[in-house]
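The values are calculated or read from the model by the stated rules, or taken from the named source; none is laboratory data. All values derive from a computational prediction rather than experimental measurement. Glycine gets a Cβ as well: all are built from the backbone with ideal geometry, and neighbour counts include every protein chain shown.
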């Protein structure tokens, strides 16, 4: 059973870069057929897919965030990360790391979520 | 504005059945059989309830069922229980350019 746990700063200043890491236990992030990614939920709003990275290396990003986001895998530490540049108040949200298993719509595993506030 | 349209709220009494719709376009819901549904209780982690339109993950009650007709997918919950009260989100593959889109969410109230 996979377990995911996010880590990162709870507060980021406007225009700075948000960096989050997801530590994976219970299985290797190198396993075939898995996607590793991020979803966020702004206060009072719905779920917003940020992006996903296949274990083989391909990345897929929300077109609205593509110019600002990068997802990468760290196989040596069995974790993956997200960087979101030039943040604004609109990026304030709970950020979840996720794993999609086998099919793109199947977000099977979720981290507990980490709240991030963008404020000076 | 979310790419997929869901009703803001639905309600039902215990024991009844309800259906939550999720309307997209031929570029997402209508074009692929990759539609999933998530149950989200406040303060908890979203839980996968259905994937590939009609498939239930292990451990999800068979009171939950999924279907699709044209550009609209639906989640039906039969035999409503108090514990079903939550927000429900649909999700669809949207092709190689957009990839994944979510609906705006539906708040289910069990009366």
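Each row is one residue, and each column tells you yes or no for (1) out of contact with any helix residue (DSSP H, G or I) (no Cβ under 9 Å at 6 or more places or on another chain); (2) away from chain A (no Cβ under 12 Å); (3) assigned to a loop (DSSP other than H, G, I, E, B).
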residue	(1), (2), (3)
B:21	yes, yes, no
B:38	yes, no, no
B:43	yes, no, yes
B:49	yes, no, no
B:66	yes, no, no
B:91	yes, no, no
B:97	yes, no, no
B:102	yes, no, no
B:108	no, yes, no
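Identify, from the list A:29, A:23, the residue that is in contact with a strand residue (DSSP E or B) (Cβ under 7 Å, 6 or more places away or on another chain), more than 30 Å from residue B:32 (Cα to Cα) and in contact (Cβ under 8 Å) with a residue 40 or more places away in the chain.
Within the list A:29, A:23, the selection yields A:23.
Restricting the search to the range B:78-89, which residues are more than 7 Å from chain A (Cβ to nearest Cβ) and within 10 Å of the chain's Cα centre (by Cα)?
If the condition is that a residue be more than 7 Å from chain A (Cβ to nearest Cβ) and within 10 Å of the chain's Cα centre (by Cα), then B:87, B:88 are the ones that fit.
Out of the residues in the range B:51-64 that are within 12 Å of chain A (Cβ to nearest Cβ) and assigned to a strand (DSSP E or B), state the one that is nearest to the chain's Cα centre (by Cα).
B:51
Kindly establish whether residue A:44 is surrounded by fewer than 17 Cβ atoms within 10 Å (Cβ to Cβ), farther than 30 Å from residue B:5 by Cα and modelled with pLDDT under 95.
no
Of the conditions (1) over 24 Å from residue B:103 (Cβ atoms); (2) surrounded by fewer than 20 Cβ atoms within 10 Å (Cβ to Cβ), residue A:68 fails just one. Which one is it?
(1)
With the structure loaded, tell me whether residue A:101 is more than 11 Å from the chain's Cα centre (by Cα) and either on the phi > 0 side of the Ramachandran plot or away from chain B (no Cβ under 14 Å) (or both) or whether it fails that test.
No, not satisfied.
Criterion first (within 14 Å of another protein chain (Cβ to nearest Cβ), closer than 17 Å to residue A:19 by Cα and surrounded by fewer than 22 Cβ atoms within 10 Å (Cβ to Cβ)) does residue A:94 satisfy it?
Judged against the criteria, residue A:94 is a match.
Which condition from (1) closer than 22 Å to residue B:41 by Cα; (2) at pLDDT below 95 is the one that residue A:58 breaks?
The one condition residue A:58 does not meet is (1).
Look through the range B:24-36, keep the residues that are part of a loop (DSSP other than H, G, I, E, B) and under 20 Å from residue A:47 (Cβ atoms), and return whichever of them is farthest from the chain's Cα centre (by Cα).
Only one residue fits best here, namely B:27.
For the condition buried (at least 21 other Cβ atoms within 10 Å of the Cβ) and away from chain B (no Cβ under 14 Å), what is the one hit in A:107, A:80?
Sole residue among the options that is buried (at least 21 other Cβ atoms within 10 Å of the Cβ) and away from chain B (no Cβ under 14 Å): A:80.
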